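Engineer: Here it is, the structure in full.
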Amino acid sequence: MKLELTPGIRLMLLSTLLFAGMNACVKQLHHLPALEIIFFRSIFSIVASYAALRRLGVAPFGNNYRLLISRGSTGAVALVCYFLAIQHLPLATAVTAQYLAPIFTAVMGIWLVREPVRSWQWVFFALSFAGVVLVQQGGPATPAASAAGPADLGLLYLGIGVLGALLSGLSYNAIRKLRGREHPLVIVFYFPLISLPLAAVACLFNWQTPQGTDWLWLLACGAFTQGAQVAMTRAYQMERLSRVAPLNYLGMFYALGLGYLFFHEAFGPLAYAGMALVLLGVGLNAWYTTRFDARAAALAPAEEVVA
């Protein structure tokens, strides 16, 4: 059966591409404190979201306050955890921990949004995650790898990275539960609405004024983030979590390509073997869910007649 690129899948692919652009901007701004970058990108996002909502005539604060605050708070704290992990762990370890998020999303979706994960999908998830581990093992060395710190601190920040992935899973499930209940831009608006004050407080204790082209990179970071958040939110509202969540892994390929083109990063054989595993796991999961849903739709009329 031909794999169908549904609107939700296309939006998730676009989201991963835009997030890769955001990561490239953050890499260019490595000399600025991480929470300062979050502060500036939150300002961009909150202004852009509010302006768009006003233009559309949509109430910015929505109606489902509990779910919206849950999405915003879990997403904001997850972002802080991710940046803390990047700052205190080897980059490969931090990114690998964050790639647990799609699996957490699908697993928690079993209880939170009543979307089952079928037995074969567990196999596909395992293939994808194994591929991520191989890519990170075969990727380029980073300065962070030699500055991970004492073992106890390494375990602490690894736990923070895993916590960030878990919170991301909760955030994505909140997005799914808001399907049809709130405009996607309202959901996006709540992310910077909560992350901005958190980052602002942190900036009071560690501030470094951006210089020259830093402002352009910060602007580009905000633009990439806003586009990625809108595309991701719509994708999670349009498709099953277990179908689109693993597509986050494809962001690694965008990142590898950008790293090769702009930062001259080279990779070993393990990385390419991992890329093949990620593609295999994601492709099989998308193909399997498409086929299963098509069969269920074909059987539904017959079951109704029998009933």
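The values are calculated or read from the model by the stated rules, or taken from the named source; none is laboratory data. All values derive from a computational prediction rather than experimental measurement. Because the Cβ atoms are built from the backbone with ideal geometry, glycine has one as well, and the counts that use them run over all protein chains shown. Heads up: the accessible areas ignore ligands, DNA and RNA and are worked out on the full protein's heavy atoms, side chains in. Shrake-Rupley method; radii C 1.70, N 1.55, O 1.52, S 1.80 Å.
Engineer: Within the range 129-144, take every residue that is modelled with pLDDT of 70 or more and aliphatic (A, V, I, L, M) and give me the one that is farthest from residue 268 (Cα to Cα).
Structural biologist: 130
Engineer: Could I ask something else about it? Please report, ordered by residue number, the helices (runs of 4 or more DSSP H) entirely within the range 161-276 with at least 3 residues that are closer than 30 Å to residue 111 by Cα, in contact (Cβ under 8 Å) with a residue 60 or more places away in the chain and open to solvent by less than 40 Å² (accessible area, probe 1.4 Å).
Structural biologist: In the range 161-276, the matching helices (runs of 4 or more DSSP H) lie at 184-203, 214-238, 241-244.
Engineer: Further question: Residues of the range 77-122 being in contact with a Leu (Cβ under 8 Å, 6 or more places away or on another chain) and without any contact (Cβ under 8 Å) to a residue 12 or more places away in the chain, which ones?
Structural biologist: Residues satisfying the conditions do not exist here.
Engineer: Could you say whether any residue in the range 47-57 is farther than 15 Å from residue 198 by Cα, crowded, with 22+ Cβ neighbours inside 10 Å and not charged (D, E, K, R)?
Structural biologist: yes
Engineer: Restricting attention to the range 59-76, which residues are in contact (Cβ under 8 Å) with a residue 40 or more places away in the chain and either open to solvent by 40 Å² or more (accessible area, probe 1.4 Å) or under 17 Å from the mean Cα position of the chain (by Cα) (or both)?
Structural biologist: Within the range 59-76, 59, 61, 63, 69, 70, 71, 72, 73, 74, 75, 76 qualify.
Engineer: Further question on the same structure: Residues in the range 281-304: is at least one of a type in the set (D, E, K, R), at pLDDT 85 or above and assigned to a helix (DSSP H, G or I)?
Structural biologist: There is no residue in the range 281-304 that is of a type in the set (D, E, K, R), at pLDDT 85 or above and assigned to a helix (DSSP H, G or I).
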